[in-house]
Amino acid sequence: MTEHHHCTCTSYADRARQETVAVEENVQVARDTYRVRFACEQIAEGIVPGQFVMMRLAGVNDPLLGRPLAMYNVVPDENGRPQQLEIVYRVVGKMTRRLSVLEPGALLEVWGPLGNGFPPTETEHLVMVAGGIGQTPLLSLAKEYLHRQTYGSPPRQVRQAKKVTLCYGTGGGEYLACVEDFQRAGVEVRISTDDGSAGHRGLVTELIRPVVESSDHPCRIVCCGPEPMMAATAQLAGKLGLHCQVSLERSMACGLGICFSCVAKIRDESGRWDYRRTCVEGPVFEAEDVEFQQHFSQLKQRPKV
Amino acid sequence: MNPTETPHPVRLDVQLGRLRLANPIAVASGTFGYAREMAGLVDLARLGAILPKTITQEPRPGNPPPRTVETACGMLNSIGLDNDGIEAFIAEKLPYLASLAPATIVSIAGRTQDEFTRMAARMDAVPGVDALELNVSCPNVTGGVDFGTDPDSCRRVVAGVRDACSLPVLAKLTPNVTNVVAIAQAAEQGGADALSLVNTCLGMAVDWRRRRPILGNVLGGLSGPAIKPIAIRIVYQVAAAVDIPLMGIGGIANINDVMEFLVAGATAVQIGTANFYNPTVSVKILDALPDALARLGATCVADVVGTITKQ
């Protein structure tokens, strides 16, 4: 499947802008999960699915660093021009806790678009696999593939997919966020929860095989979520002979490629791994190139300072 | 007041030994990649100098992640000099840096005195390098002598590099010593054109629930606003003890920070961690610099350098 390898080139933030923006809306959409919306035309105009922005609370030194947050959606103005960005985030630490209580008018520092994003590879049936808060980069991708919305400047051209499915797993039903946004966009949504409080009781990876095997079309997988779940999805995709791309999460300081914090082990053609910067060489990688972290759960949780 | 309305134009150029900079605002090694990464956000031509990420003789993969962790008003890093080695730097990174207007001050780290000397000679032989900064102070590499903590070895490394090349030489010193003045004097005796003060402060962060260090390499270097008072103290102490110019580094995030360092004794400054969380900070500071200098009645940067007085 080497013909699909589009997403491992370095993408410097040549079109990035840094802006101070005011919160327009910041609402809870599920347990510990919020959606914030703000106007930033230049970033909104250029950003494509799978790219992210760095965001920090303006005017404070603690928390100091920006946080990488995926673009959830671009909201156009009345003339159809990209105007606002929407970010959906889970409260996991100091910054997101403070972000979650911001009222409209509060100021944020934002820079982006950052990262490579999902390449617009032609696909008949796009199977999107999300765990935890990993659904957030996938709504815009689905809308793009279903020709509901275009992204980028000039607008990125994507061959319309015949079908898009979201396999979405969370700990419990109370964490399911924005499912109706996906359904409204025409996405078939399949749910799993650890506790069985919604959808299939079990792992989200258990939803993939039935979707693929019952599909009338050739499938391709994109995946975002906790590292063990992405590793399992990548393994399953390999077994099923399907092309799979994953969007990695790493702790970042800059998002620009200058701090070398966010490295992941990525294999080259010879099979040797090297540390690659997730922010400029990812966050989207070919699943078969990623050396997944064995004990990611120990790294993922930020210290609750 | 708009900078163009400044009544008496302020000269911004500064002299660091044999090295002349168009202005005193530089970006610190390890906080600006190889400059190409920032070309979309920062008007690079405006900077006084760019210090690319430290290079070593051989490629180094760097330390295992997590490599950084945020702390109160700062961050710890243990990147571990992740770089592709001197030859890849010369072939792939230097041509771009050389094409830019700012001075390129190449940061080098050797494992031995001989390696420092050989790297310096190699950099002297290629076009586009304006000066060297000797990283004798990275807290994240082990094995080999820690040149920045012993006056004699610091003097020998600087002197060896001076003999091996014709480039201006800066020594970047560590704050993690009892008496930084003695090491600064040793670097001066070795022939340093200027000193970069300071590298990161050795620190550690702990996840008590898992009873583990947070950083993959256990210890890391603390940077950001949290260390500014330490850096200013060292600039102030060293300025009183040496005759060579100083570049101040440590938590600089705005024009007030820059002015504090200049008045305390720095001739120029390097902006570090702030590039991470405010990528356009360097040009914002440059916008504000002429007025801040004029406010002290200065017509050039040197008019304010080291002008601090006790009550």
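Bear in mind these aren't lab numbers, they're just calculated from the coordinates by the rules spelled out. Note that the structure is predicted; figures quoted are calculated from it, not measured. Glycine gets a Cβ as well: all are built from the backbone with ideal geometry, and neighbour counts include every protein chain shown.
Among the aspartates and glutamates, which fall within straight-line cross-link reach of A:Lys239, defined as a Cα-Cα distance under 12 Å, with same-chain neighbours fewer than 8 residues apart omitted?
Straight-distance partners of A:Lys239: A:Glu288.
So for the protein assembly as shown: antiparallel DSSP bridges make up what percent, rounded to the nearest 5? It would help to have the intermediate numbers written out before the result.
Values: 59 of 110 bridges.
Within the protein assembly as shown, antiparallel bridges account for around 55 percent of the total.
Using a basic spin-label model with each label point 7 Å from the Cα along Cα→Cβ, how many nm lie between A:Ser215 and B:Asp43?
Placing both labels 7 Å along Cα→Cβ, they lie 4.9 nm apart.
Within segment B:162-196, whose backbone N sits under 20 Å from a point 7 Å along Cα→Cβ of B:Arg20?
Counting only backbone N, you get B:166-170, B:193-195.
For a quick size check, give me the Cα extents of segment A:46-97 along its three principal axes, largest first, whole Å.
Ordered largest first, segment A:46-97 gives principal extents of 39, 22, 17 Å.
If you build the convex hull over the alpha carbons only and average its shadow over all orientations, what do you get for chain A? Give it in nm² to one decimal. Spell out each step's value before the answer.
Values: hull surface 59.6 nm².
The number I arrive at for chain A is 14.9 nm².
Using the Kirkwood radius over Cα pairs, work out the Stokes-Einstein diffusion coefficient for segment A:64-166 at 20 °C and 1.002 mPa s, in µm²/s as a whole number.
Estimated diffusion coefficient is 138 µm²/s.
For B:Gln311 and B:Lys284 in one chain, what is 0.36 nm times their gap in residues minus the Cα-Cα distance, to one decimal in nm?
Numbers: separation 27, 0.36 × 27 = 9.72 nm, distance 3.15 nm.
Extra length available between B:Gln311 and B:Lys284 comes to 6.6 nm.
From Cα coordinates alone, what are the radius of gyration and Dmax values for segment A:13-114 in angstrom?
Cα only, segment A:13-114: 12.7, 39 Å (Rg, Dmax).
Could you work out the percent of alpha carbon pairs in segment B:1-160 separated by over 27 Å, rounded to a whole number? If you can, show how the numbers build up before the last one.
Details: 3884 of 12720 pairs.
Result: 31 percent of Cα pairs exceed 27 Å.
Quick one: what are the phi-derived ³J(HN,Hα) couplings along segment B:49-66, Karplus 6.51/-1.76/1.60 with θ = phi - 60°, whole Hz, x for glycine and proline?
Calculated HN-Hα couplings, in order: 7, 10, 10, x, 4, 3, 10, 10, 4, 9, x, 10, x, x, 7, x, x, x Hz.
What net charge do the residues around A:Ala39 carry, taking every other residue with its C-beta under 10 Å from that of A:Ala39, with Lys and Arg at +1 and Asp and Glu at -1?
On the way: positive: A:Arg37; negative: A:Glu19, A:Glu24, A:Glu41, A:Asp77.
Neighbour charge sum, excluding A:Ala39 itself: -3.
How big is chain B by Rg and Dmax over its Cα atoms, in Å?
Rg, Dmax (Cα atoms, Å): 18.4, 60.
Could you calculate the contour length gain from B:Asp291 to B:Ser166, that is, 0.36 nm times the residue separation minus the distance between their Cα atoms, to one decimal place in nm? Numbers along the way, then the final one.
Numbers: separation 125, 0.36 × 125 = 45.00 nm, distance 3.62 nm.
Extra length from B:Asp291 to B:Ser166 when fully extended: 41.4 nm.
Over every pair of different alpha-carbon atoms in segment A:125-301, take the mean of 1/r and invert it; report that Kirkwood radius in Å.
Working: mean 1/r = 0.0593 Å⁻¹.
By the Kirkwood definition, the hydrodynamic radius is 16.9 Å.
Of all the C-alpha pairs in segment B:186-309, what % are more than 26 Å from each other?
Values: 2231 of 7626 pairs.
Percent of Cα pairs beyond 26 Å in segment B:186-309: 29.
Check B:Gly306: other-chain or 5+ apart residues with amide H under 5 Å from its amide H, H built from backbone geometry?
Correct list: B:Val263, B:Ala264, B:Gly265, B:Ala266.
Taking 56 Å as R0, compute the FRET efficiency from the Cβ-Cβ separation of A:His147 and B:Leu100 and round it to 0.05.
On the way: r = 43 Å, r/R0 = 0.77.
Rounded to the nearest 0.05, the efficiency is 0.85.
For segment A:181-274, what is the largest minus smallest coordinate of the Cα atoms on each principal axis, given in angstrom and ordered from greatest to least?
42, 30, 27
May I ask you to compute the full-extension gain from A:Ala39 to A:Arg98, defined as 0.36 nm times their residue separation minus their alpha-carbon distance, rounded to one decimal in nm? Walk me through the numbers before you get to the answer.
Values: separation 59, 0.36 × 59 = 21.24 nm, distance 1.98 nm.
Length difference between fully extended and current span is 19.3 nm.
Kindly flag which residue pairs out of A:Lys143/A:Lys265; B:Lys93/B:Lys172; A:Lys94/B:Lys172 have an alpha-carbon separation exceeding 25 Å in this structure. Walk me through the intermediate numbers first.
Details: A:Lys143/A:Lys265 31 Å; B:Lys93/B:Lys172 22 Å; A:Lys94/B:Lys172 34 Å.
With Cα atoms farther than 25 Å apart: A:Lys143/A:Lys265; A:Lys94/B:Lys172.
In the protein assembly as shown, what is the volume of the convex hull around the alpha carbon atoms, normalised per residue and reported in Å³?
159 Å³
Please compute the modelled spin-label separation between A:Gln28 and B:Asp13, points set 7 Å along Cα→Cβ, answer in nm with one decimal.
Calculated label separation equals 6.2 nm.
Mind putting a number on the dipole of chain B about its Cα centre? Charges go on the C-beta only, +1 for Lys and Arg and -1 for Asp and Glu, and I need it in Debye to the nearest 20. Walk me through the numbers before you get to the answer.
Values: 25 positive and 28 negative charges, 136 e Å.
That gives chain B a dipole magnitude of about 660 debye.
Give me the dipole magnitude in Debye, nearest 20, for chain A about the Cα centre, with unit charges on the beta carbon: positive for Lys and Arg, negative for Asp and Glu. Please report the intermediate quantities before stating the final value.
Numbers: 33 positive and 36 negative charges, 99 e Å.
Once rounded to the nearest 20, the dipole reads 480 debye.
Could you give the angle, 0 to 90 degrees to the nearest 10, between helix A:227-240's Cα long axis and the longest principal axis of the Cα atoms of chain A?
That works out to roughly 30 degrees.
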